[in-house]
Structure formats: structure tokens, C-alpha cells
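**Q** Once you've had a glance at the structure underneath, I'll fire off some questions.
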Amino acid sequence: MATVQYDIACWRQLQVVSVKFQASSMSRSVNLEPSRQIASLPETELRLKRLTDFAISLMAVIALLPVMLICALAIKLDSKGPAIFRQRRIGRFGKHFEIYKFRTMRIGTPDLSTEEMAQLPSPVTSVGQILRKTSLDELPQLFNVLKGEMSIVGPRPALYNQTELTEMRQSRGVLRFPPGVTGWAQVNGRDELADSVKVDLDTWYCDNYHYMLDWQIIFATFTAIVSRRGAI
């Protein structure tokens with residue numbers, strides 16, 4: 001009985017924080033139009049980036065399909081709810097899209113940032129903890145890449161209600177790039193970094209972009225996963 005009462009109290013606390021967080025974000029308007037003062041990504045480099053994204057994600061989906069099926073089965077056996085979690089995120093030029101991830105939390109968990117969630121009782125499931133530590137929960141985003149909504153490398157997409165973060169990214173020209181499965185900020189600290197530091201790193205990536213930089217970040221991502229620094 002004590003455990004049940006504790007769970008109910010935890011979920012009530014989550015709901016209260018969620019309402020306050022969403023109310024705060026809805027009370028402010030965000031200009032998501034591309035800035036005219038910031039140079040756009042050259043079309044030739046964008047096409048090469050897109051071609052590489054499509055080739056890598058297609059090969060990865062084929063090669064990792066058995067792993068994804070095992071992850072999906074483990075999620076279904078561990079807790080109630082769908083294996084795939086969908087969430088509204090901010091894409092290129094501020095356009096909203098639905099990101100795909102393996103579900104790592106209990107059904108009913110509110111849409112909060114990682115920083116907000118860390119202050120509350122964890123709703124992460126047993127299997128979800130493993131998926132997060134190994135970053136396997138990010139694998140379904142390969143389908144977002146195939147659809148052209150994301151890139152393999154780029155700034156991580158913000159939640160639709162992370163207004164302040166989106167404004168910072170817009171003012172720095174970060175939103176002119178497609179969001180990525182991994183990025184420069186992720187291989188330099190991941191979720192251990194404050195939002196302002198992530199924006200600084202994302203800005204550096206956008207301002208200094210070249211094709212081989214993406215490959216450097218891809219290889220560095222595997223090191224970050226093995227070292228388990230935060231979570232993508």
C-alpha cells in the first residue's frame with residue numbers, strides 16, 4: 001500500500017511540473033522564420049549531406065533490424081504500451097515533426113526536458129534504463145533520417161515546448177541545419193551540458209561545417225556511447 005501511495009504522489013508531482021512547464025512555454029511567442037543575416041547551408045553540401053544520410057540510414061536499418069526487433073520485444077514484455085514512442089520536436093527552420101524513439105518511460109509521462117525530468121522521480125522502465133545507457137533507444141530515428149526530417153549529424157532537436165532553447169538557436173542560426181541523431185554537442189558532453197553551452201557548440205558546428213566534420217562526429221559518437229557520457 002505504501003508503494004502505491006508513493007507512485008501516485010510521484011505521478012502527481014510529474015503532472016504539476018508538466019502543466020507549469022507547458023503553460024510557461026505557451027505564454028511566449030517564438031519567431032521561427034529563417035534569419036536573413038545568417039548564411040544558409042550551400043545547396044551542393046546539403047545535397048551531399050542528404051545523400052550520405054540516406055545511404056547510411058538505409059544500410060543501418062537493414063543491418064540493425066534484428067537488434068531493433070529484440071528491443072521492441074523487450075519493451076513490450078517489460079511494461080504496458082507501444083514499443084515506439086513519438087514526440088513533437090523542432091526541425092529545420094522551426095518546422096515541427098514527430099521524432100521516433102524506443103519507449104523508455106511509463107505511459108503517461110509528460111513531455112519534459114532532460115533537465116526537468118532529472119529533478120523528479122524517475123519514470124524510466126527497467127528495459128528503458130538499458131536502452132538509454134547504450135543509446136539503443138535512438139535507433140528508430142533512422143526512419144526520421146530516411147524521411148528527410150533529420151540528419152545523421154546535426155543539432156539535437158528540441159522539444160516543441162522548449163521555447164527559450166529554440167529562441168537561442170534561432171538567433172544563432174542553428175535552425176538553418178536539419179536536426180541530427182548525434183551532433184557536436186553530444187560528443188562534447190551530451191546531456192551533462194547546460195543548454196547555453198549546447199547552443200554554443202551547435203553554433204560552432206553550423207558556422208564551421210564541412211563534409212568530413214560529420215564523419216569525425218560519427219566516429220566520436222561511438223566513443224561517447226562506450227564511455228556512457230550522459231545520454232544522447
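Please treat every number below as a calculation from the coordinates, not as lab data. Worth saying up front: this structure is predicted, and the values here are computed from it rather than measured. All Cβ positions, even for glycine, are placed from backbone atoms using ideal geometry, and neighbour counts span all protein chains on display.
**Q** Please arrange TYR205, TYR211, TYR160 by counting, for each residue, the other beta carbons lying within 10 Å of its beta carbon, fewest first.
**A** TYR211, TYR160, TYR205
**Q** May I ask you to list the lysines whose Cα is less than 27 Å away from that of LYS198, ignoring any residue fewer than eight positions away on the same chain?
**A** Within the straight-line cut-off, LYS198 pairs with LYS20, LYS49, LYS95, LYS101, LYS133, LYS147.
**Q** A follow-up question, please. With 10 angstrom as the radius, rank ARG92, ARG50 by how many other C-beta atoms surround their C-beta, starting from the fewest.
**A** ARG50, ARG92
**Q** Cut-off is 10 Å between beta-carbons; in what order do ASP78, ASP207 appear when sorted fewest neighbours first?
**A** ASP207, ASP78
**Q** Which whole-number value in Å³ per residue fits the convex hull of the alpha carbons of the range 37-92?
**A** 98
**Q** Have a look at the range 41-226 and give its Rg and Dmax from the Cα atoms, expressed in angstrom.
**A** My reading of the Cα-based Rg and Dmax gives 16.0, 47 Å.
**Q** How charged is the neighbourhood of ALA60? Take every other residue with its Cβ under 13 Å from the Cβ of ALA60, and add Lys/Arg as +1 and Asp/Glu as -1.
**A** -2
**Q** Could you give the distance between the Cα centres of the range 158-186 and the range 77-111, to the whole Å?
**A** 18
**Q** With r as the distance between the Cβ atoms of SER171 and GLN87 and R0 = 25 Å, compute the FRET efficiency 1/(1 + (r/R0)^6) and round to 0.05.
**A** After rounding to 0.05, the efficiency reads 0.55.
**Q** Please list, in chain and number order, the residues 5+ apart from SER151 or on another chain whose amide H is under 5 Å from its amide H, with Hs placed from the backbone.
**A** GLY180, VAL181
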